[in-house]
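Enquirer: Please read through the structure below; I'll follow up with questions.
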Amino acid sequence: MNRSRLSRRLAKKTLRSIIGSIIGIIIIFVVLIKFGIPLLVNFSLLVSGTKDTKEVISKNKTTFIPSPVLDALPNATNSATIKISGTAMPKQIINLYVNGTLEDKTDVKDDKTFVFNDILLTKGENLIQTKAAIHKDATIGSEEAESNFSSSVTVVYKKDSPSLTLTAPSDNQSFSKDDKQVLVKGKTDTGVKITVNNFWAIVDGDGNFSYTLPLQNGDNKIKISATDEAGNKKEVEIKVTYSQ
């Protein structure tokens with residue numbers, strides 16, 4: 001009798017355990033369906049999206065190219081052409097711009113130098129700049145990579161001689177006794193240098209110049225030369241006489 005009761009209790013306990021296990025399995029299965037599958041899908045999309053993002057970044061990656069360095073150029077010239085040189089990284093292409101227009105291209109040499117010969121200038125100011133470039137087949141992106149502009153240099157092309165007006169003394173003027181020196185004076189353009197018999201004269205901001213020249217007994221030749229920053233020159237020569 002006691003054994004029968006014990007057997008029934010064990011059977012009931014086992015049945016409850018089985019039912020509990022089945023319920024637990026069902027709950028776990030429902031949780032997996034509701035949360036697990038979407039989580040796996042999202043994780044898969046995240047991994048795939050990260051890969052795609054890396055590919056996009058790789059394709060759009062920008063290659064940094066340092067700007068070229070120009071060698072010194074004159075502020076002004078009386079030549080219609082000019083030589084432009086500088087340094088950059090080897091295997092680059094240098095694009096030359098004059099007043100914002102692409103004028104020429106050249107390759108950088110193995111010693112990191114580049115040269116443009118006989119570049120035409122326009123009368124007046126010429127803004128000179130360069131950019132370094134790499135062909136598209138040498139870059140990650142689909143387009144040619146190019147640096148920023150180099151430092152700009154302005155070169156003035158002038159071919160006209162400067163103005164030169166002599167106001168004193170007059171040609172063939174005579175001096176005597178105490179007039180042992182003469183004040184040579186006149187006017188030129190601003191920024192022009194004046195010499196009187198190869199001596200530098202004083203030139204003010206308005207182009208007025210003067211120089212006190214000692215006189216020798218007899219004829220005295222006076223040569224006044226005006227030279228602008230481009231090297232253009234104009235000369236005036238007169239003669240004065242001094243008698244002791």
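The values are calculated or read from the model by the stated rules, or taken from the named source; none is laboratory data. Worth saying up front: this structure is predicted, and the values here are computed from it rather than measured. So basically every Cβ, Gly included, is an ideal-geometry build from the backbone, and we count neighbours across all protein chains shown.
Enquirer: Filter region 203-237 for residues that are within 27 Å of Gly124 (Cα to Cα) and either β-branched (Val, Ile, Thr) or in contact with a Phe, Trp or Tyr (Cβ under 9 Å, 6 or more places away or on another chain) (or both) and give the result.
Expert: The answer is Val203, Ile224, Ala226, Thr227, Ala230, Val236.
Enquirer: Ok, one more. Kindly provide the set of residues from region 189-215 that are surrounded by 13 or more Cβ atoms within 10 Å (Cβ to Cβ) and over 41 Å from the mean Cα position of the chain (by Cα), ordered by number.
Expert: Listed by number, the residues that qualify are Val196, Asn197, Ser210, Tyr211, Thr212, Leu213, Leu215.
Enquirer: What number of residues in region 194-218 are assigned to a strand (DSSP E or B) and in contact with an Asp or Glu (Cβ under 8 Å, 6 or more places away or on another chain)?
Expert: Restricting attention to region 194-218, the residues satisfying the condition of being assigned to a strand (DSSP E or B) are 194-196, 199-200, 202-203, 208-214, 218.
Filter once more, so that each one left must be in contact with an Asp or Glu (Cβ under 8 Å, 6 or more places away or on another chain): none.
Residues meeting the conditions: 0.
Enquirer: Only one residue in Thr50, Thr122 is at pLDDT below 95 and either of a type outside the set (Lys, Arg) or assigned to a loop (DSSP other than H, G, I, E, B) (or both). Which one? Give the steps one after another, and end with the answer.
Expert: Numbers: Thr122 fails: at pLDDT below 95.
Answer to the selection: Thr50.
Enquirer: Report yes if Gly191 is over 30 Å from Leu73 (Cα atoms) and of a type in the set (Gly, Ala, Ser), otherwise no.
Expert: Judged against the criteria, Gly191 is not a match.
Enquirer: Now a separate question. Looking only at region 60-72, count how many residues are modelled with pLDDT of 95 or more, of a type in the set (A, V, I, L, M) and buried (at least 17 other Cβ atoms within 10 Å of the Cβ).
Expert: The qualifying residues number 1.
Enquirer: Report, by residue number, each residue of region 143-193 that is of a type in the set (Ser, Thr, Tyr), free of Cβ contacts under 8 Å to residues at least 60 places away in the same chain and outside any loop (DSSP other than H, G, I, E, B). Even if it seems obvious, please write down each step before you answer.
Expert: Filtering region 143-193 for residues of a type in the set (Ser, Thr, Tyr) gives 147, 150-152, 154, 157, 161, 163, 165, 167, 170, 174, 176, 188, 190.
Cutting the leftovers down to free of Cβ contacts under 8 Å to residues at least 60 places away in the same chain gives us 152, 165, 167, 188, 190.
Across region 143-193, the qualifying residues are Thr165, Thr167, Thr188.
Enquirer: Still on this structure, please answer the following. Starting from region 76-102, take each residue that is modelled with pLDDT under 95 and list its partners that are surrounded by fewer than 14 Cβ atoms within 10 Å (Cβ to Cβ) and not in a strand (DSSP E or B), counting only C-beta distances under 7 angstrom and pairs at least six apart or across chains.
Expert: Hits for this filter: Met89/Pro66; Pro90/Asp110.
For every residue, the table says whether it meets (1) among the small types (Gly, Ala, Ser); (2) within 46 Å of the chain's Cα centre (by Cα).
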residue: Ser163; (1), (2): yes, yes
residue: Leu166; (1), (2): no, yes
residue: Phe175; (1), (2): no, no
residue: Asp178; (1), (2): no, no
residue: Lys187; (1), (2): no, yes
